[in-house]
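Written below as C-alpha cells is the structure these notes are about.
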Amino acid sequence: MPDWSKIGKVMFVCHGNICRSPMAECLLAYFLRQAGRNDVVVASSATSTEELGNPIHPGAQAELRRHSVPIIPHRAVRLSRFDLDKYDIFIGMDAINVLNMQRILGPGSEEKCFRLLDLSGGNRDISDPWYTGDFTATWNDLEEGCSFLASVL
C-alpha cells in the first residue's frame, strides 16, 4: 500500500481515457473539493492511442451529470514514461491497465501502480462501460474506490 501522506499527484488510467479514468478524475476531484482539499492534483490518461484527443464519452458525461458531479474539461491523452516522475501514484481501472501502465512507465513503476479497487479492499476490476454500456455499474465501482481515496488523501 502507498504511504498516503506522500500522495499529492494522482493519475487515473484506463484503456482509452474516455470512460472510466476521466469519470474517476472528475469524481475524486469533486470529493476532494467538497472536503476543502485543493492541494491534490488529479489527472487521467490512457494506455492506448485509440481515443487520443476525444472528449469524455457521452454516457460517462450523462452519468456524472446524473450525480451532479462537475465535468472537468478533458481530451484523451496517453500515459508516458515521463509521467513516472510527475505523479505519486498511478491507479488503473483493471488488471490489464496496471500491466500496461508498468510497461509504459518502465522500471521503478511497480511500487506506484495499483488497481483502484485493490486499494479500497474491493479486489476487482472496474466494470468497463465501453463493452457493457452500463455506466451505472461503472459509477458504483468508481464511487467505492474514489470515496476511499478521498478519505485517505
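Tabulated data for the structure shown
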{"item": "Residue satisfying all of: in the range 72-95; in contact (Cβ under 8 Å) with a residue 12 or more places away in the chain and out of contact with any strand residue (DSSP E or B) (no Cβ under 9 Å at 6 or more places or on another chain); nearest to M23 (Cα to Cα) among these", "result": "R75"}
{"item": "Which listed residue, of G108, G53, is touching a residue at least 24 places away in the same chain (Cβ under 8 Å) and either more than 17 Å from K9 (Cβ to Cβ) or not in a helix (DSSP H, G or I) (or both)", "result": "G108"}
{"item": "Residues located in the range 7-33, provided they are in contact (Cβ under 8 Å) with a residue 40 or more places away in the chain and farther than 24 Å from R103 by Cβ", "result": "G8, C26, L27, L28, A29, Y30, F31, L32"}
{"item": "Residue list for the range 1-27, restricted to those being in a helix (DSSP H, G or I), of a type in the set (G, A, S) and at pLDDT 95 or above", "result": "S21, A24"}
{"item": "Pair list, Cβ under 8 Å, 6 or more apart: the range 125-153 residue in a helix (DSSP H, G or I), other residue charged (D, E, K, R) and crowded, with 16+ Cβ neighbours inside 10 Å", "result": "P129/R20; F135/E63; T136/E63; T138/R20; T138/E63; T138/D128; W139/E63; L142/R20"}
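Yes/no per residue for (1) aliphatic (A, V, I, L, M); (2) surrounded by fewer than 15 Cβ atoms within 10 Å (Cβ to Cβ):
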{"site": "R81", "(1), (2)": "no, yes"}
{"site": "D88", "(1), (2)": "no, no"}
{"site": "G108", "(1), (2)": "no, yes"}
{"site": "G121", "(1), (2)": "no, yes"}
{"site": "T132", "(1), (2)": "no, yes"}
{"site": "F135", "(1), (2)": "no, no"}
{"site": "A150", "(1), (2)": "yes, no"}
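The values are calculated or read from the model by the stated rules, or taken from the named source; none is laboratory data. In this text, all values refer to a predicted model and were calculated from it rather than measured experimentally. Every residue, glycine as well, gets a Cβ built from its backbone with ideal geometry; the counts of neighbours run over all protein chains shown.
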